[in-house]
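A short write-up of the structure that comes next.
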Amino acid sequence: MVAAKISAISCYLPTEQLRNEELARVFSGWTPEKITRKLGIESRPIAAPGETAVDMAEKAGNALFDAGYANRDEIDFVVLCTQSPDYFLPTSACLLQNRLGLPQRCGAFDINLGCSGYIYGLGVCKGLLEAGLAKRILFITSETYSKYINKFDRASRPLFGDGAAASLLVADMEQSESEHWMGNFEFGTDGAGADLLMVPAGAHRLPSSEATAEVRPDAFGSFRSKDNLFMNGPGIFTFSIDRIPPLIDRYRKLCQQRNMTIDRYVFHQANRYMLDRLQVMCELDPAVYYNQMKNRGNTVSSSIPIALVDAMNDGFLKPGLLTLLVGFGVGLSWGGCLIRLDDDFRSVVV
């Protein structure tokens, strides 16, 4: 039986950094230490002016090829997960096929998802691989949320960083599903909460105009227009603590039934406050729970693959450990899956 697995991950992080010192100068009553203590973030990579999600995706993809972890001619699909595309159309993945020098027989499509996007993308790619429709897939996540955020938005600006990650997913002919290279997916959606995290204007429901560009204050001292990202922080927090603990319980029961133990937990790296609360509610030992975004920020769909690379480099994650990945956020959307990286897994950060 063919089984899908993650063979390699490369990460690209922009060189420009938004540090807490700058935020403290903009937002009265804040100190760098207070921001770090609450969010677990000291600095965030920010895409340069004119640097797009496709630009970052190209750099992440090239890093994988330049490191010798993949051969361009062998890629059967390129899949891009982003909510900050270069254009409404064409599909950004089509641009990547050309810019990365991938063969024209290569399929290409986008996935529009945020914080759960890596889980959904893995599930889609697993289906293509195990159905025999592909042998090697380049799955890239890339986000530039910073371009949606108003400089004076106290709720969103301290949280988000920009980044891209390219994952090489391959069909392993020698392993079986029972070995859980990548499996046991669970997905969920609550579209009734879509307005908790959105950019209200700019597409066809509410086209951008002088009216949507007008910046107004909110009750909490943030400033934004309808062309900017809006986040209801308390609403997103409530959604997360309502949905994720039951998800963890279901995975624990599943693994108990199969005489398996979840060795590591890698969640979407939202912010320290939220992850600390989930850790307590899910009764997770800090030794098996990854919570590290000090120099990353919340990179949306790229947060989990970046965390996987960081966790391997930190020694937190090792080949052979059964790891539960959990994504949750904008949509509202969530998902989980089990993976087990093997001794051949490789990574690179540029």
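No value in this document is a laboratory result; all are computed from the given coordinates. All values reported here derive from a predicted model rather than from experimental measurement. A quick note on method: Cβ atoms are made from the backbone with ideal geometry, for glycine too, and the neighbour counts reach across all protein chains shown.
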Report task. Could you pull out the trypsin sites (Lys or Arg not before Pro) across the stretch 148-236 that fall in loop regions by DSSP (anything but H, G, I, E, B) with no more than 10 other Cβ atoms inside 10 Å? Result -> ARG205
Report summary line: extent check for the stretch 84-196: Cα max minus min per principal axis, descending, whole Å, gives 53, 33, 23
Query raised in the report: How big is the gap, in Å, between the Cα center of the stretch 238-274 and the Cα center of the stretch 117-133?
Result: 21
Query raised in the report: Okay, which of the stretch 43-85 sit inside 16 Å, backbone N to the point 7 Å along the Cα-Cβ direction of LEU133?
Result: 76-81
Query raised in the report: If you line up the long axis of helix 272-281 against the longest principal axis of the chain, both from Cα atoms, how many degrees apart are they, to the nearest 10?
Result: 60
**Report entry** Cleavage-rule hits (chymotrypsin sites (Phe, Trp or Tyr not before Pro)) in the stretch 180-284: DSSP loop, at most 13 neighbouring Cβ within 10 angstrom
**Finding:** PHE220
Report summary line: Counting Lys and Arg as +1 and Asp and Glu as -1 over every other residue whose Cβ sits under 13 Å from the Cβ of ALA155, the net charge comes to +3
Requested in this report: Could you pull out every residue, at least 5 positions away or on a different chain, whose amide H is within less than 5 Å of the one on ARG154? Hs are placed 1.01 Å off N in the peptide plane, and Pro or chain starts have none.
Outcome: SER222, PHE223
Query raised in the report: HN-Hα J couplings of the stretch 204-212 from phi, Karplus 6.51/-1.76/1.60, θ = phi - 60°, integer Hz, Gly and Pro as x?
Result: 7, 5, 9, x, 5, 7, 4, 5, 6
Query - Where GluC sites (Glu not before Pro) fall in DSSP loop in the stretch 134-224, at most 15 other Cβ within 10 Å - result: GLU174, GLU210, GLU214
Query raised in the report: How many nm separate the modelled label positions at ALA67 and TYR273, each set 7 Å beyond the Cα in the direction of the Cβ?
Result: 3.4
Report summary line: Longest principal axis of the chain (C-alpha) makes with the long axis of helix 233-257 (C-alpha) an angle, in degrees to the nearest 10, of 20
**Report entry** For volume of the Cα convex hull per residue in Å³, calculated from these coordinates, the label among [x] 135; [y] 231; [z] 155
**Finding:** [x]
Requested in this report: Taking H placed 1.01 Å from N in the peptide plane, check which residues at least 5 places from LEU317 or on another chain put their amide H under 5 Å from its amide H.
Outcome: MET312
Report task. Treating the angle as unsigned and between 0 and 90°, give the value, to the nearest 10°, between the Cα long axis of helix 117-130 and the longest Cα principal axis of the chain. Result -> 20
Query - Partners for LYS34 among lysines (Cα-Cα distance below 30 Å; same-chain residues under 8 apart left out) - result: LYS147, LYS151, LYS226, LYS294
Query raised in the report: Which values of log₁₀ I(q)/I(0), to two decimal places, follow from the Debye formula for the stretch 238-350 at q = 0.12, 0.21, 0.23 Å⁻¹ with a uniform point scatterer at every Cα?
Result: -0.40, -1.27, -1.50
Report task. Work out from phi, with θ = phi - 60° and the Karplus expression 6.51 cos²θ - 1.76 cosθ + 1.60, the ³J(HN,Hα) of each residue of the stretch 299-310, listed in order in whole Hz, and give x for Gly and Pro. Result -> 9, 6, 5, 8, 5, 5, x, 5, 5, 4, 5, 4
Requested in this report: Take ASN313, project a point 7 Å from its Cα along the Cβ direction, then tell me which residues of the stretch 18-55 have their backbone nitrogen under 11 Å from it.
Outcome: none
Query raised in the report: Mean separation of Cα pairs under 8 Å and 6+ residues apart, divided by the residue count of the chain: what relative contact order is that in percent?
Result: 27
Query raised in the report: Between MET56, MET274, MET182, which gets the highest mean-square fluctuation from a Gaussian network model of the chain, Cα cutoff 10 Å?
Result: MET274
Query raised in the report: In whole Hz, what ³J(HN,Hα) sequence does the stretch 42-49 give by Karplus (6.51, -1.76, 1.60; θ = phi - 60°), x for Gly and Pro?
Result: 9, 8, 9, x, 10, 4, 5, x
Report summary line: When the chain is treated as a Gaussian network with springs between alpha carbons less than 10 Å apart, the largest mean-square fluctuation among THR323, THR144, THR91 is found at THR91
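Percent relative contact order of the stretch 177-230, based on C-alpha pairs within less than 8 angstrom and at least six residues apart? Show your work: numbers first, answer last.
On the way: 45 pairs, mean separation 17.9, N = 54.
33 percent.
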Report summary line: Taking R0 as 35 Å and r as the Cβ-Cβ distance between ASP344 and THR36, the FRET efficiency 1/(1 + (r/R0)^6), rounded to the nearest 0.05, comes to 0.45
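How much net charge surrounds LEU96 when only other residues with a Cβ under 13 Å from its Cβ are counted (Lys, Arg +1; Asp, Glu -1)?
Details: positive: LYS59, ARG72, ARG99; negative: ASP55, GLU58, ASP86, ASP110.
Once all neighbours under 13 Å are counted, the net charge is -1.
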Query raised in the report: Non-local amide H neighbours of ASP172 (under 5 Å, H modeled in plane, Pro and chain starts lacking H): which ones?
Result: ALA3, ALA4, LYS5
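How much of the pair distance distribution for the stretch 16-78 lies past 14 Å, counting alpha-carbon pairs only, in percent? Show your work: numbers first, answer last.
Working: 1357 of 1953 pairs.
Pairs farther apart than 14 Å: 69 percent.
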Query raised in the report: Along the Cα-to-Cβ line of SER209, 7 Å from the Cα, sits a label point; which residues in the stretch 120-154 have backbone N less than 19 Å from it?
Result: none
